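Take a look at the structure below.
Any read-out appearing in this document is the output of simple, stated calculations on the displayed coordinates, not a laboratory observation. Computed from a prediction, not measured in an experiment: that's the story for all the values here. When we count neighbours, we look across all protein chains shown, and the Cβ atoms used for this are built from the backbone with ideal geometry, even at glycine.
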Amino acid sequence: MSDTLQIIDESGKKVGKAPRLKRETLLRMYRAIVSTRSFDDRCMKLQRTGRIGFSIPNKGVEATSVGAAAALDAAQDWIAPHYRDFAMMFYLGIDVNGMFDNMFGNADDNAVGRQMPVHFSFRDPVNWLSISSPLGTQIPQAVGVAMAMKQRGEKGIALTTFGDGSTSTLGFHSGLNFAGVFGSPVVFLCQNNQWAISCPSEEQTASESYAIKGEAYGIPGIKVDGNDVLAVYRVVSEAVKRARAGEGPTLIEAVTFRMGGHSTSDDPSRYVEQSEFDAWEKRDPLFRFETWLKSEGHLDDEKIAAIRAETDAEMMAAAKAAEAKPRPKLGTIFSDVWEQMPPHLDAQMNACISHFAERDEAVDEKGEFPL
Amino acid sequence: MSDTLQIIDESGKKVGKAPRLKRETLLRMYRAIVSTRSFDDRCMKLQRTGRIGFSIPNKGVEATSVGAAAALDAAQDWIAPHYRDFAMMFYLGIDVNGMFDNMFGNADDNAVGRQMPVHFSFRDPVNWLSISSPLGTQIPQAVGVAMAMKQRGEKGIALTTFGDGSTSTLGFHSGLNFAGVFGSPVVFLCQNNQWAISCPSEEQTASESYAIKGEAYGIPGIKVDGNDVLAVYRVVSEAVKRARAGEGPTLIEAVTFRMGGHSTSDDPSRYVEQSEFDAWEKRDPLFRFETWLKSEGHLDDEKIAAIRAETDAEMMAAAKAAEAKPRPKLGTIFSDVWEQMPPHLDAQMNACISHFAERDEAVDEKGEFPL
Amino acid sequence: MVQAVNDGLRTIMKEDESVLVMGEDVGPKGGVFLATENLTKEFGKERCFDTPLSEDGIIGVGVGLAMNGMKPVCEIQFQDFIYPAFDQIVSEAAKMRYRSGGQYTVPMTIRTPYGGGIRGGLYHSQSGEAYFAHTAGLKVVIPSTPYDAKGLLISSIMDPDPVMFFEPKALYRAGREEVPEGMYTVDLSKVREVTQGGDAVVFCYGAMVPVCTEAARRIKESRNKDIRVIDLRTLMPLDEEAVLQAARDCGRVVMVHEAPRFCGYGSEISALIAENAIEYMEAPIKRVTGFDTPFPNTLENYYLPDARRVFDAIEEVLDF
Amino acid sequence: MVQAVNDGLRTIMKEDESVLVMGEDVGPKGGVFLATENLTKEFGKERCFDTPLSEDGIIGVGVGLAMNGMKPVCEIQFQDFIYPAFDQIVSEAAKMRYRSGGQYTVPMTIRTPYGGGIRGGLYHSQSGEAYFAHTAGLKVVIPSTPYDAKGLLISSIMDPDPVMFFEPKALYRAGREEVPEGMYTVDLSKVREVTQGGDAVVFCYGAMVPVCTEAARRIKESRNKDIRVIDLRTLMPLDEEAVLQAARDCGRVVMVHEAPRFCGYGSEISALIAENAIEYMEAPIKRVTGFDTPFPNTLENYYLPDARRVFDAIEEVLDF
Ligand SMILES: Cc1ncc(C[n+]2csc(CCOP(=O)(O)OP(=O)(O)O)c2C)c(N)n1
Ligand SMILES: Cc1ncc(C[n+]2csc(CCOP(=O)(O)OP(=O)(O)O)c2C)c(N)n1
Ligand SMILES: [Mg+2]
Ligand SMILES: [Mg+2]
């Protein structure tokens, strides 16, 4: 990774100029990464015991998400996210209960139990666009979001994130091209985690890097060590600054690794060599940041243990609370299709409600999500 | 156009190393350009007098098409064409009658009067894929065509052409990406004629050039003076050679100019400055090639006049013949949807035929094509 | 009608700063059919602008603008070229409100000329309304008069949900009807009774409305029967009660559209009646439609339903 | 059923060298549902290969392969992700034979798992068959048994035109039926009579076939009426004569599918009968379908038609 910016190396040593960040900020970053691991662990357990259907592990890519989140101004910036970067939300101060409501698809879920787990949608603490399963669609949307702010003379910018695989989608091509032409205040963050399900990053495209794809759109492309939270912070901050100053979009490739399966149901041993896992294990972003924080005197083992215990407890409590909540009411199948429910849908809703009122509930068997 | 290959300059002087081509070949190239102008003129007259609905002028871009065609081996190579490059067909030896059958959509039209004019489709003298109106769709198709040849160990390659505007389509993105990944024997030829209807080339994308877009796919990108038939020939020949040798795809940007409206119905004065027309008038590819051929002793004014007279007469005769032919039979609305006509379609066909047999024909009024 | 569209755009752009017009060639050129003529001149290129050649981009960016406070009016140059944007329309625009529990919404209008009439062959003539009417979360609106074009367009742009606004290009230059100046709206989801009558009802929309009206006139002339012609106008949400009422009143139904028959919009009208009013039917429910083929070019006028085909179908249901 | 699909692919790949399998994760991983398991191992990665993440590319490249002598079998990982390829499917694959006067043809099969049953929410559950059935030039095939899955798949791959092959993912792991070894085909365009009966007919396909069969069984049990369940299998071209005959025989019709109702495939069945056999109808033509909403997640089992909803509808038409 020659031309890839790095600030803390794999052993936790500082090798570049660290951005000036307050201790609280650094610890907030650290805690966000730890929270993500706790969240992952909790979800894996819930999925293995059949209590939720699916989750997307974030282990290995958290530094990319957290570094990026720390570069934003949540009060005015928007996020058009990929599904594998909700570590951002922990940094930005999300109420964890809302996340677990989504994992269980209960009555309090922002998505009203309509989406699969991890398809979050928030207005608070930041405008976090509703995650879509179809890949790449958020990219041109982010450009539109940014254009609206520019048009109104606001200073907000849009950050959009996506995987290496998603660079092959139409949304990547149209989104970057429009942003280039219109000089929109957007930051494009490609999380190159080496895999798109079972397709390795080198077979996704023959281009020299993902960053270089910016050339095709007249957009500067920058490569950064995605496992180095400070480097990501630095690079995204600069891109945000440029965007905010009206200097246009930037494409950032964060080089990182998906330290596990694609989802809780995926078995990566079918297609990833063990040696690859081993190699990346050594570049673990948490270990690296932790080591550096310790060497700077910001953390010690006791504090680490405390944070872990706290985040684990927090996740456990939120999961329990969410599981205990009722599922959404039948009528929620029919609401929010349009602002006003048209008569034909109203009729379908009433028929459905009286059907299930007369009889037992629907059989609650469910198929397994394969991936 | 600093990094743009040029062999004959705007005044018709040789400024680079000319490829070694036989006199017959050079004259065949010249005649193809002249034929295209004759064809254009004839079609413009036919459209203005309401005898055909539409045509696509090729004036200004012929050197790109002809230079490319001359680099192919029609016996084994395939073309997945854009609609504004049928000058290729004149070089490759098309029967002009077939072209006018298409312009009139008569019973002998290969497209059976189903497509708009200039949407040609040929198997002979070359595999020329059916032209589509939806832009960019031919690009991934060309990759598939090429992959099939590679898979079977054949030596053929696929040439696909498209406009500057078409680089923004999904087909461009997916086609180039797949070709890069699979190392397919394809040549991508972008005819940058400065306009996509009324959108200038510089507002289509912010990239430095169109050739540079190859970087995003690991495909070499080359820029050539598209008004210089020898330079285009040289560059495309090299790309064909690479593809044939198994060295993968190439993206070529031919810089040229649409010396007129988008179509016979378009009025470019609404959006193109007269000064732009004037500037490019001086770079006319026909003038340039003609001047050089004269200077080399291959042509003289008498010969030029003869060729022009011949091609004009040829087009006139073919147009007359095509106009005199009957239109396709009613049944052709229903055939070729599937290889076998399903019963419901058969029933619709019979109803239609008996409906029009009982009564007069349909009213033959037609709306005007706006563009 | 195209002037009415232009007038509608100008009117609402004056009224509401958040309305933007975007698409291929909508700027200086004013659009292929001149629907957006002079808008850039009048409102500046921040409010009416050309985009690169990507329908996916036009709609994707439009969705983003709509989620962040704007009301984009996206033009797709011909309806036939909407398919590269199909994913953004059916997966994103249509489902955004639902999947975000109403946190994000997409008040966007997609304008596009559709249907035959200009010898445009396979790709400048299609009628794809059924694809969108089948997609929950979209509205589908098709005017047939200049008055409705302006009023329905303004309503569509003001609507809080994504609206597919299909303009029958065959009628762009037809109908010299004067439209009222300034703001007015036409309700989305009310049919329009074009002619009165109780002997049979013909449901139609877009460019088929004048065709059906002419057929009804001929039936009156030759057989003295009164045919009710109903212009559906808003295909989704459909004014189902009005459709069923007309079917019950008349007992004889013909459905007419340009699009292919199989799984076309007309099949829903038939199905609706067969499900809710079959006992009133005194004849088969007939459909007069484009054929189940791609759209031809030379033989366009044999493909498109004309007044004679509609006339024959009305006769059939009358004589059953 | 997924083993039958895998077996079908293996069988035809052995038989015909021009058959290729391509798509996302179809190679070493063997596909998300293991439908392509071991094919790369057995036939090499020239014959079964992973592609970049672009459905437009998969289908566009597939169209090119098909035009040049190959028979590509393109997998779309979930039917919900087919929309980026919509343009290549409806504008290109479907219209190539027509627009080239038969000079170029597209013998391609597009396989994709569709429908509910795995708690996949909005984007891993859709049933988009109506979009494709409405598009002239495509065939649409949906098996409901392992035997049919293999036979129909082989027929689809051998077919000279593009075939949309929708696999009901809810049935992937169901039905331990043994399928015959080696080559066999099942006719495209013949319905399958699942149960015999003359009191009412239920038309269905895919994962709704066992649901309807169960409902018919319960009706037999509770009311001693014999319900004919017909699995349509090939939605385009449809065996219209068989549909009409069954409708005439029974006089009472219920149509069942998972997809939303409005402009769904069922509307065509209703319309067909209302147009050609209405005089035989002794009851309204009922539809039992998914609701006109996106597909929910937690409440999936309330959204999907189940045997009780079908049972109720049959009762309604019997009691009319
Ligand atoms: C349009 C589309 N096609 C296919 C899929 C199925 N799919 C889900 S995730 C995935 C891989 C995504 O890879 P990448 O963009 O690198 O993101 P990562 O999972 O690595 O975070 C695929 C193919 C999809 N969701 N959307
Ligand atoms: C997908 C699609 N969108 C829009 C159009 C309408 N259209 C026809 S030609 C054209 C411009 C094409 O520009 P370019 O690719 O540069 O080709 P040129 O006409 O300059 O040869 C447009 C927008 C189309 N044919 N297809
Ligand atoms: Mg990835
Ligand atoms: Mg151009």
Query raised in the report: Pick from A:ALA351, A:ALA206, A:ALA74: which is most flexible by mean-square fluctuation in a GNM of chain A where alpha carbon atoms under 10 Å apart are linked?
Result: A:ALA351
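Of all trypsin sites (Lys or Arg not before Pro) in the stretch C:1-107, which ones are in loop regions per DSSP and have a Cβ with at most 15 other Cβ atoms within 10 Å?
Values: sites: C:ARG10, C:LYS14, C:LYS29, C:LYS41, C:LYS45, C:ARG47, C:LYS95, C:ARG97, C:ARG99; in loops: C:LYS29, C:LYS45, C:ARG47.
Passing both the DSSP loop test and the Cβ count: C:LYS45.
How long are the three semi-axes of the equivalent ellipsoid of the protein assembly as shown, in whole Å, if each is the root of 5 times an eigenvalue of the C-alpha gyration tensor, listed from largest down?
Details: eigenvalues 395, 378, 180 Å².
The three semi-axes for the protein assembly as shown are 44, 43, 30 Å.
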Report task. With only Lys, Arg, Asp and Glu charged, each at its Cβ (+1 for the first two, -1 for the last two), find how big the charge dipole of chain B is about the Cα centre; round to the nearest 20 debye. Result -> 960 debye
Report task. In whole angstrom, note down how far apart the Cα centers of the stretch A:5-33 and the stretch B:135-166 are. Result -> 48 Å
Report task. Give the value in nm², to one decimal: projected area of the alpha carbon convex hull of the stretch C:162-216, averaged over all directions. Result -> 5.4 nm²
Report summary line: With x for Gly and Pro, the residue-by-residue ³J(HN,Hα) of the stretch A:215-229, computed from phi through the Karplus equation 6.51 cos²θ - 1.76 cosθ + 1.60 at θ = phi - 60° and given in whole Hz, is 3, 5, 10, x, 10, x, x, 10, 10, 9, 5, x, 9, 10, 4
Query raised in the report: Taking a label point 7 Å from Cα toward Cβ, how far is C:GLU193 from its twins in the other copies, in nm, shortest first?
Result: 4.8
Query raised in the report: How big, in percent, is the set of alpha carbon pairs in the stretch B:34-99 lying more than 21 Å apart?
Result: 24 percent
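Looking at the square roots a ≥ b ≥ c of the eigenvalues of the Cα gyration tensor of the stretch A:23-324, which shape do they give, rounded for a/c under 1.5, prolate if a/b is larger than b/c, or oblate?
Rounded, since a/c falls under 1.5.
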**Report entry** In degrees, nearest ten, helix B:343-358 long axis to first principal axis of chain B (Cα)
**Finding:** 70 degrees
Query raised in the report: Where the only charges are on Cβ atoms (+1 Lys, Arg; -1 Asp, Glu), what is the dipole of the stretch A:42-103 about its Cα centre, to the nearest 20 debye?
Result: 520 debye
**Report entry** In order through the stretch D:146-162: 3J(HN,Hα) via Karplus (6.51 cos²θ - 1.76 cosθ + 1.60), integer Hz, x for Gly, Pro
**Finding:** x, 4, 5, 4, 5, x, 5, 5, 4, 4, 5, 5, 7, 5, x, 10, x
Query raised in the report: Can you list, shortest first and in nm, the gaps between the label point of D:ARG217 and those of its counterparts in the other copies, using a point 7 Å from Cα in the C-beta direction?
Result: 6.2
Requested in this report: For chain C, calculate the relative contact order in percent as a whole number, restricting contacts to Cα pairs under 8 Å that are 6 or more residues apart.
Outcome: 15 percent
Query raised in the report: Toward the positive end of the charge dipole of the protein assembly as shown, about the Cα centre and with charges on Cβ (Lys, Arg +1; Asp, Glu -1), which of C:ILE118, D:ALA246, D:TYR302 goes farthest?
Result: C:ILE118
**Report entry** Gyration tensor (alpha-carbon) shape descriptor, the stretch C:2-171, a/c threshold 1.5
**Finding:** rounded
Query raised in the report: Taking only Cα atoms, what is the 0 to 90° angle, nearest 10, from helix B:23-48's long axis to the longest principal axis of chain B?
Result: 40 degrees
Report summary line: The long-range amide H neighbours of D:VAL288, using H built 1.01 Å from N in the peptide plane and a cut-off of under 5 Å, are D:MET255, D:VAL256, D:HIS257
**Report entry** Low-density loop positions, trypsin sites (Lys or Arg not before Pro), the stretch A:1-59 - DSSP coil, at most 16 other Cβ in 10 Å
**Finding:** A:LYS13, A:LYS17, A:ARG20, A:LYS22, A:ARG51
**Report entry** Spread of Cα-to-Cα distances over 5 Å intervals beginning at zero, given as percent, for the stretch B:113-172
**Finding:** 4, 17, 23, 23, 19, 10, 4, 0
Query raised in the report: Residues with amide H under 5 Å of B:LEU159's amide H, sequence separation 5 or more or different chain, H placed in the peptide plane at 1.01 Å from N; which?
Result: B:TRP78, B:ILE79, B:ALA80, B:VAL187
Query raised in the report: Along the stretch B:137-146, what does the Karplus equation 6.51 cos²θ - 1.76 cosθ + 1.60 (θ = phi - 60°) give for ³J(HN,Hα), rounded to whole Hz, x for Gly and Pro?
Result: 5, 6, 5, x, 4, 4, 5, x, 4, 5
Requested in this report: Sort shortest first the distances from A:SER354 to its counterpart in every other copy, using label points 7 Å along the Cα-to-beta-carbon line, and give them in nm.
Outcome: 4.6
Requested in this report: Could you give the size of the charge dipole of the protein assembly as shown about its Cα centre, using +1 on the Cβ of each K and R and -1 on the Cβ of each D and E, expressed in debye and rounded to the nearest 20?
Outcome: 1760 debye
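Step through the table entries A:LYS223/A:LYS294; A:LYS150/A:LYS294; A:LYS22/A:LYS282; B:LYS150/B:LYS282; A:LYS282/A:LYS320, compare each Cα-Cα distance with 32 Å, and write down the pairs that go over it. Spell out each step's value before the answer.
Details: A:LYS223/A:LYS294 27 Å; A:LYS150/A:LYS294 42 Å; A:LYS22/A:LYS282 27 Å; B:LYS150/B:LYS282 43 Å; A:LYS282/A:LYS320 34 Å.
With Cα atoms farther than 32 Å apart: A:LYS150/A:LYS294; B:LYS150/B:LYS282; A:LYS282/A:LYS320.
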Report task. Report the residue, chosen from C:GLU268, C:GLU75, C:GLU181, that carries the largest GNM mean-square fluctuation when chain C is represented by alpha-carbon nodes joined by springs under 10 Å. Result -> C:GLU181
Requested in this report: Report, ordered by chain and residue number, the lysines lying within cross-link reach of A:LYS155, taken as a straight Cα distance under 17 Å and ignoring same-chain residues fewer than 8 apart.
Outcome: A:LYS241
**Report entry** Charge dipole (the stretch A:23-324, unit charges on Cβ, about Cα centre) - positive-most of A:GLN47, A:VAL112, A:GLY261
**Finding:** A:VAL112
Query raised in the report: In whole Å, how far is the Cα centre of the stretch A:288-336 from that of the stretch D:1-79?
Result: 42 Å
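Tell me the GluC sites (Glu not before Pro) within the stretch B:271-363 that lie in a loop according to DSSP and have at most 13 other beta-carbon atoms within 10 Å. Write down the numbers at each step before the final one.
Values: sites: B:GLU273, B:GLU276, B:GLU281, B:GLU290, B:GLU296, B:GLU302, B:GLU310, B:GLU314, B:GLU323, B:GLU339, B:GLU358, B:GLU361; in loops: B:GLU273, B:GLU296, B:GLU339, B:GLU361.
Sites meeting the loop and neighbour criteria: B:GLU273, B:GLU296, B:GLU339, B:GLU361.
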Query raised in the report: Which shape class applies to the stretch C:192-319: rounded if a/c is under 1.5, otherwise prolate when a/b exceeds b/c and oblate if not, where a ≥ b ≥ c are the square roots of the Cα gyration tensor eigenvalues?
Result: oblate
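Which whole-number percent gives the relative contact order of the stretch D:27-185, counting Cα pairs below 8 Å spaced six or more residues apart? Could you put the intermediate results ahead of the total?
Numbers: 272 pairs, mean separation 32.2, N = 159.
For the stretch D:27-185, the relative contact order is 20 percent.
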**Report entry** Nearest 10 degrees, 0 to 90: helix D:265-276 Cα axis against chain D principal axis
**Finding:** 60 degrees
Query raised in the report: Under a 5 Å amide H to amide H cut-off, with H placed in plane at 1.01 Å, what residues pair with B:TRP195 once short-range neighbours are removed?
Result: B:SER201, B:ARG258
Query raised in the report: Looking at D:ALA94, D:TYR205, D:VAL191, which one has the Cα that reaches farthest to the positive end of the dipole of the protein assembly as shown (charges on Cβ: Lys, Arg +1; Asp, Glu -1)?
Result: D:ALA94
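So what's chain D giving for Rg/Rh, alpha carbon basis, Kirkwood Rh from the mean inverse pair distance?
0.98
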Report task. Could you work out how far the C-alpha centroid of the stretch D:244-320 sits from that of the stretch A:80-126, in angstrom? Result -> 37 Å
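Given Cα pairs under 8 Å that are at least 6 residues apart, what percent is the relative contact order of the stretch C:145-268?
On the way: 181 pairs, mean separation 33.1, N = 124.
Across the stretch C:145-268, relative contact order equals 27 percent.
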